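Below is one structure; the comments refer to it alone.
The values are calculated or read from the model by the stated rules, or taken from the named source; none is laboratory data. As the structure is a prediction and not an experimental result, all values here were calculated from the model. Here Cβ is always computed from backbone atoms with ideal geometry, including for glycine, and neighbour counts include all displayed protein chains.
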Amino acid sequence: MDSIAIIGTGIAGLVAARQCQLQGIHTVLFEKSKHVGGRLSSHRSSWARFDQGAQYFTARSPEFQEQLQLWQHTGHAQVWDFQAHRFRQGQLNPSPDTETRYVGTPCMNSLAEALAEDLSIHYHCHIAQISYETAADDEQQGEWWLYDRKGQQYGGFDALLLALPSAQCQALIDARSPLQKALQTVAMVPCWSLAVAFNEAIADASIQGIFCDHPIVQWISRESAKPGRLQSHDCWIIHCRPEWSEQQKDQPQSVIQATLLQALAEILSIALPTASHYYCHFWRYARPAHSQCFKQALVDPQQRLGVCGDWQQGGRVEGAYLSAMQTSQALLQCGAIGSSM
């Protein structure tokens, strides 16, 4: 039976895995952390479960709208119906933005958890090296072997898909691979993120999501206002600009927290009460530096190797989905896997 290994369990890796399973292909995923979701991460703590990564998603393509309808039917997604605000030139005002936004329920990671059902996943398994090995008498029939940081090996797989940020794909793939040229055109930028909770509401209930023209802050959301959230605190999420995040990447979390609380007070134009809880996270590969869409899937049919991720299709949740569909279909169509079916 044909088999494929997939490294990474964000939306892209999970969608690709489900597509391969539908074709009867033995599919095994590898995840370095203890949860699926990647940058769809929702942090669990004693005081809240909040979206530390992607804050919402949109659905513009017919293909992704079908997936959205399924999530809505199963209760894993809802419309986040709110009036967006914008902070510009020191003023906070409602925005004319009419985009329809959705969130996972009860958290963004619920989307990934739904996709991960019945998939074979190795958790806490950080793949550090991959190797394509061929037989001496048949160089056309190679196998992929994977090696984690503990020296454990996994294989051999007929095909391999990397569902990772572009820089991590580059680091794993052989420098001579034809995929390297495309990967080198993609730069990923970082983001400092802060979740902060207060024991009482700190702003008018109509303020739920703020796009910021600010030297430090790019986005603020009221996590506790999203549908499906059952929280006893007024919880806010702050995402920083990539340029500032890069400059401050080595700062201790205490410095980041103090700076972002000051920025939150400035943007809301209030004196903040003492926060009851904090959680700070640095996303090294938060999103692509530039929005671009690859017209073709990044696949090497000779070695049955593919790469996918949101960075291939504009850097959004929908982009991760479309990239996974495009890449898994390309592997199937070129005969890389599933050729015996």
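Can you tell me which residue is farthest from the chain's Cα centre (by Cα) among those in the stretch 34-92 that are acidic (Asp, Glu) and farther than 14 Å from residue 319 by Cα?
Start the filter on the stretch 34-92 by keeping residues that are acidic (Asp, Glu), which leaves 51, 63, 66, 81.
If we keep only those that are farther than 14 Å from residue 319 by Cα as well, we get 51, 66, 81.
Numbers: 51: 11, 66: 20, 81: 22 Å.
Per the criteria, the residue is 81.
Out of the residues in the stretch 1-51 meeting the condition of being of a type in the set (Phe, Trp, Tyr) and at pLDDT below 95, tell me which one is surrounded by the fewest Cβ atoms within 10 Å (Cβ to Cβ). Give the steps one after another, and end with the answer.
Initially, the stretch 1-51 is screened for residues of a type in the set (Phe, Trp, Tyr), giving 30, 47, 50.
Right, trim to at pLDDT below 95 and you get 47, 50.
Details: 47: 16, 50: 27.
Looking at the filtered set, the residue picked out is 47.
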Next on the checklist: Being under 20 Å from residue 194 (Cα atoms) and either of a type in the set (S, T, N, Q) or assigned by TED's automatic domain parsing to the domain that holds residue 151 (or both) is the requirement here; does residue 110 meet it?
Outcome noted: no
Checklist entry - Can you pull out the residues in the stretch 185-202 that are assigned to a loop (DSSP other than H, G, I, E, B) and within 20 Å of the chain's Cα centre (by Cα)? => result 185, 186, 187
Next on the checklist: For the structure I just gave you, tell me whether residue 115 is under 17 Å from residue 17 (Cβ atoms) and out of contact with any Phe, Trp or Tyr (no Cβ under 6 Å at 6 or more places or on another chain).
Outcome noted: yes
Item to check | Residue list for the stretch 168-186, filter: in contact (Cβ under 8 Å) with a residue 60 or more places away in the chain and in contact with a helix residue (DSSP H, G or I) (Cβ under 8 Å, 6 or more places away or on another chain) | outcome: 169, 173, 179, 183, 186
Checklist outcome for this item: Taking the stretch 57-82 and keeping only residues that are crowded, with 19+ Cβ neighbours inside 10 Å and either touching a residue at least 40 places away in the same chain (Cβ under 8 Å) or in contact with a Cys (Cβ under 6 Å, 6 or more places away or on another chain) (or both), one is left with 57, 59, 64, 67, 71, 80
Checklist outcome for this item: Residue count, the stretch 156-196, condition surrounded by 15 or more Cβ atoms within 10 Å (Cβ to Cβ) and either on the phi > 0 side of the Ramachandran plot or acidic (Asp, Glu) (or both), comes to 1
Next on the checklist: Quick check on this structure: which one of 259, 327 is under 19 Å from residue 12 (Cα atoms) and among the β-branched types (Val, Ile, Thr)?
Outcome noted: 327
Checklist entry - Based on what the data block shows, is residue 131 among the small types (Gly, Ala, Ser) and within 22 Å of residue 36 (Cα to Cα)? => result no
Next on the checklist: Please pick out the residue among 210, 238, 256 that is aliphatic (A, V, I, L, M), crowded, with 18+ Cβ neighbours inside 10 Å and farther than 25 Å from residue 103 by Cα.
Outcome noted: 256
Item to check | Residue selected from the stretch 264-313 under the condition among the hydroxyl-bearing types (Ser, Thr, Tyr) and more than 16 Å from residue 8 (Cβ to Cβ), by the criterion nearest to the chain's Cα centre (by Cα) | outcome: 291
Checklist entry - Going by the structure shown, is residue 261 at pLDDT 95 or above, in the same structural domain as residue 78 (by TED's automatic domain parsing) and either under 26 Å from the mean Cα position of the chain (by Cα) or under 27 Å from residue 72 (Cβ atoms) (or both)? => result yes
Item to check | Conditions (1) more than 24 Å from residue 323 (Cβ to Cβ); (2) outside the structural domain of residue 50 (by TED's automatic domain parsing); (3) not in a loop (DSSP other than H, G, I, E, B); number of the one not met by residue 150 | outcome: (3)
Item to check | Unmet criterion (only one of (1) in contact (Cβ under 8 Å) with a residue 60 or more places away in the chain; (2) not in a helix (DSSP H, G or I)) for residue 264 | outcome: (2)
